[in-house]
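First comes the structure, then the notes that go with it.
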Amino acid sequence: GQQVMQIPQYQHVQEGEDFTTYCNSSTTLSNIQWYKQRPGGHPVFLIQLVKSGEVKKQKRLTFQFGEAKKNSSLHITATQTTDVGTYFCAGGTEGSNYKLTFGKGTLLTVNP
Amino acid sequence: KAGVTQTPRYLIKTRGQQVTLSCSPISGHRSVSWYQQTPGQGLQFLFEYFSETQRNKGNFPGRFSGRQFSNSRSEMNVSTLELGDSALYLCASSGEGYPQETQYFGPGTRLLVL
């Protein structure tokens, strides 16, 4: 079945440093979604990418979807303590039997 | 609009018991998905219901079952609980159920099996 691998598992940065998490799928995706889960909270939708090579920005966050629609990345510029949490990617399968498969997430901690 | 609600928020059970969790989606949403979240396995898809029908199913044993009512509220049942079923159970609702819909997660039910 479809597998979505996410790296790194953990990332600790100093406030102001950049951060990137990567997502790779074993199969071509129809779309990719990104979620953030704060400690003790639940996943909250950030963004969805659908088109090959798509790049979207949300303030300091930049999301990319690979040309082959099998990988994606989330880059945070100049991290802040409010960025702390686990970032999940979720890949949607192509075809009629759509299913969303989550990566295991990257836990980001930020040292002030 | 009110968000996704889940009850109960916390639950302690013993091995062999069964448990029923409830999820009320955002008003107007017809798709409800259930996930199990554990530190080791991350977020794992259990099943999805749309208009009272199970539309998708993950790779969980038959002890895990669910249903959806005509008002889109959903319940999840786990029978013959095992220690490994201790987890955060999240439900998520989405709008018309078309592929690529955003998932809106509830706060989860934290289940501890002793």
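Bear in mind that the values in this text are calculations on the coordinates, not laboratory data. Source: prediction; values computed, not measured. As a convention, Cβ positions derive from the backbone with ideal geometry for all residues, glycine included, and neighbour counts pool all protein chains shown.
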Quick calc: nm separation of the 7 Å Cα→Cβ label points for A:Asn97 and B:Gln17 -> 3.6 nm
Hey, any idea what Rg/Rh is for chain A, computing Rh the Kirkwood way over Cα pairs?
0.97
Can you work out the Karplus-derived ³J(HN,Hα) for every residue in region B:70-82? Use 6.51 cos²θ - 1.76 cosθ + 1.60 with θ = phi - 60°, whole Hz, and x for glycine or proline.
5, 8, 6, 4, 10, 10, 10, 10, 10, 9, 6, 4, 10
Counting only DSSP loop positions in region A:47-112, the GluC sites (Glu not before Pro) whose Cβ has at most 13 other Cβ atoms within 10 Å are A:Glu67
Once amide H atoms are placed 1.01 Å from N in the peptide plane, what residues at a sequence separation of 5 or more from A:Leu46, or on another chain, have their amide H within under 5 Å of its amide H?
A:Trp34, A:Tyr35, A:Lys36
Under the Karplus relation 6.51 cos²θ - 1.76 cosθ + 1.60, θ = phi - 60°, what is the ordered set of whole-Hz ³J(HN,Hα) values for region B:5-10, x standing for Gly and Pro?
10, 10, 9, x, 7, 9
Among B:Ser65, B:Ser24, B:Ser74, the residue with the largest mean-square fluctuation in a Gaussian network model of chain B built from Cα contacts under 10 Å is B:Ser65
Evaluate Rg over Rh across region B:26-93, taking Cα atoms for both radii and Kirkwood's formula for Rh.
0.97
Other residues with Cβ under 13 Å from the Cβ of A:Pro43 give, with Lys and Arg +1 and Asp and Glu -1, a net charge of +3
Give, in whole angstrom and from largest to smallest, the semi-axes √(5λ) of the equivalent ellipsoid of the protein assembly as shown, with λ running over the eigenvalues of the Cα gyration tensor.
29, 21, 16
Check each of the trypsin sites (Lys or Arg not before Pro) in region A:34-86 and keep only those in coil by DSSP with at most 15 other C-beta atoms within 10 angstrom; list them in order.
A:Lys51, A:Lys59, A:Arg60
In whole angstrom, how far apart do the alpha carbon centroids of region B:54-97 and region A:53-112 sit?
25 Å
Table column - 3J(HN,Hα) (Hz), region A:48-56, Karplus curve with 6.51, -1.76, 1.60, x for Gly and Pro
10, 10, 10, 8, 4, x, 5, 10, 10
Starting from the Cα of B:Lys57, draw a straight line to each of the aspartates and glutamates and keep only those under 14 Å, dropping any in the same chain fewer than 8 residues away.
B:Glu48
Label points 7 Å out from Cα along the Cβ direction at A:Val50 and B:Leu112: separation in nm?
4.4 nm
Residues meeting the amide H criterion for A:Lys69 (H placed from the backbone, H to H distance under 5 Å, 5 or more places apart or on another chain) are A:Gly53
In the protein assembly as shown, which cysteines lack any other cysteine Cβ under 4.7 Å from their own?
none
Hey, rough spin-label estimate for B:Thr53 and A:Val84, points 7 angstrom out along Cα→Cβ, what's it come to in nanometres?
4.7 nm
Roughly speaking, what is the stretch gain from B:Thr7 to B:Arg73, that is 0.36 nm per residue apart minus the C-alpha to C-alpha distance, in nm to one decimal?
22.6 nm
